[in-house]
Protein chains: 2
Amino acid sequence: MAIIFYDLLSTLPHKAFSPNTWKTRYCLNFKGIPYRTEWVDFIEIEGVYKKLGLVPSSYKPDGSPTYLLPVIHDISTGVSVADSLLIAEYLEKTYPVPSLFPNNTIAFQSIFDNAVRDAALKPQRRFTIPDIFSVVSLQSKDYFRRTREAAFGKPLEEIAPQGDEAVAEWAVVKAGWGTIDSWYIKSGGPFILGDTVSWADFVVGSWLIWARTIWGEESQKWKDYASWHNGRWLKVLDDLKEYQRID
Amino acid sequence: MAIIFYDLLSTLPHKAFSPNTWKTRYCLNFKGIPYRTEWVDFIEIEGVYKKLGLVPSSYKPDGSPTYLLPVIHDISTGVSVADSLLIAEYLEKTYPVPSLFPNNTIAFQSIFDNAVRDAALKPQRRFTIPDIFSVVSLQSKDYFRRTREAAFGKPLEEIAPQGDEAVAEWAVVKAGWGTIDSWYIKSGGPFILGDTVSWADFVVGSWLIWARTIWGEESQKWKDYASWHNGRWLKVLDDLKEYQRID
């Protein structure tokens, strides 16, 4: 057992839902590194950081620390790393084959997540909050409600757009995924680098799995996703299937 | 003579200063495509679009068209193209060697310009307006002043930050270039793809030439650039020197 992978707990049977930890799971599966998942609740993340001697991922405007997953601890080397991109860079350096950043594309790969966020995830964010709340573990529900209500300045139940605003905002989400689709069209697909799978595809796949998981395969939102851009999003998930095992 | 390259006129002896047209000049020089530059004033751009039968690059919120350079007309194929990335894609398809997007990195390359803008150019923009005004041709000065004053909602002379605000904003500019520097560090440099020059380096080079040109090599701003990030920016320009010929 080489790596302990700290992932975020949910009430779902297969537990995994966090998009950022999915990126790490993709990397571990892709590189074929043996790992064991340790499921951690929101309110337990700080304890993982302290146990492993990690410094906080970032700081809030008020100066208080933020503790985020994924985190890994590599038993073989004794190294612990937080943050999905930093973990990918660590894994690439320590276990170089197969490569997450082929042809030295690391600079590009490192800006890709932000580009996806700007295109599709920022407009989508408000739609997801109530559905994330429904899969958060019972003991973290208070924490989740409090932090999200503070961030958005309104009750959790009012964060998602409603009525005409929802229709307009959902069109923005679709246009954002259309931008991402245009990147696949440019490369010729099926991957961002054309024939070669890389970190960028795992970023897209993680955000897709997250949407499918929190909304559910039978939801209208996921059915919309599945119908957009000539079925691109089901195809991307299918093309990455061999790296989606939850251990 | 294969290509006519429409570039923006200035009062400078060598004329070239526009960052977006510099991207195209880099591409033409890199691919070794024979071309002739046709110098166009701001207020003449619309006429170039009409002569070549091009549709406007984009539309303003009020619905009126925007006409931007670069534009090329390829005499060999009869094709005219506007927009630096679309021109690069056209040149890559029509004159594939050497490649602007090696290893099928076109999807990444196409998001790179935005990443540079977000990191460093948005914070820098206000510092550049008065200096651009000073190199704009006499007959375009009224046009430039009117459009920029409308965009920023203040007199041209008040757009650039002053005093304490200038110090704080300039630190944001430096931090933005620090982000771009971190990408070069990740790849190991000297280029964004490591050893291989590509479109992304021409984007960075174009923004650097622009800064050096409008502020001048002896300005404190350019001296700051030259001193930042272990001399990265002078080195990037030097590494791209063979593609900087103005024909």
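Bear in mind that the values in this text are calculations on the coordinates, not laboratory data. Being a predicted model, the structure only gives us computed values, none of them experimental. Cβ sites come from the backbone with ideal geometry, for glycine too, and all protein chains shown count toward neighbours.
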### Query
For A:Leu234, which inter-copy label distances result when the label point lies 7 Å beyond Cα on the Cα-to-Cβ vector, reported in nm to one decimal and in ascending order?
5.9
### Task
In nm to one decimal, list the spacings between the A:Gln139 label point and its equivalents in the other copies, with label points set 7 Å along Cα to Cβ, shortest first.
7.7
### Query
Tell me, B:Val116, B:Val97 in order of fewest to most beta-carbon neighbours within 10 Å?
B:Val97, B:Val116
### Residue exposure sequence - A:Glu149, A:Glu157 - by fewest surrounding Cβ within 10 Å
A:Glu157, A:Glu149
### Task
In debye, nearest 20, what is the charge dipole magnitude of region A:3-94 about its Cα centre with +1 on Lys and Arg Cβ and -1 on Asp and Glu Cβ, if you could check?
200 debye
## Note on the structure
Sorted by chain and then number, the residues having a modelled amide H within less than 5 Å of the amide H of A:Val40, at least 5 places away or on another chain, are A:Asp7, A:Leu8, A:Leu9
#### Entry: In nm, spacing of pseudo-spin labels at A:Lys51 and B:Glu46 (7 Å Cα→C-beta vector)
6.8 nm
### Query
From Cα coordinates alone, what are the radius of gyration and Dmax values for region B:3-94 in angstrom?
12.8, 41
### Task
Evaluate the distance, in nm, between pseudo-label points positioned 7 Å from the Cα of A:Val79 and of A:Lys235 along their respective Cα→Cβ axes.
3.7 nm
## Note on the structure
If the chain between B:Ser219 and B:Val167 were fully extended at 0.36 nm per residue, the gain over the current Cα-Cα distance would be 17.2 nm
### Message
Given points 7 Å out from each Cα along the Cα-Cβ axis, report the A:Lys15 to A:Lys141 separation in nanometres with one decimal.
### Response
2.1 nm
### Task
Determine the relative contact order of region B:1-158: mean sequence separation of Cα pairs under 8 Å and six or more apart, normalised by residue count, in whole percent.
24 percent
### Message
What would the Debye equation give as log₁₀ I(q)/I(0) for region B:76-189 at q = 0.11 Å⁻¹, counting only Cα atoms as equal point scatterers?
### Response
-0.59
#### Entry: Exam field: A:Val172 pseudo-label spacings to other copies (7 Å along Cα-Cβ), nanometres
2.1
#### Entry: Gyration tensor verdict on chain A (Cα atoms; rounded if a/c is under 1.5, prolate if a/b is larger than b/c, oblate otherwise)
oblate
### Query
By count of other Cβ within 10 Å, fewest leading, how are B:Asp201, A:Asp224, A:Asp74 ordered?
A:Asp224, A:Asp74, B:Asp201
### Query
Applying the Karplus parametrisation 6.51 cos²θ - 1.76 cosθ + 1.60 with θ = phi - 60° to the phi angles of region B:17-25, what ³J(HN,Hα) value in whole Hz is obtained for each residue in order, glycine and proline being reported as x?
8, 5, x, 6, 6, 4, 4, 5, 4
### Query
Principal axis lengths of the protein assembly as shown from Cα atoms, whole Å, largest first?
69, 46, 46
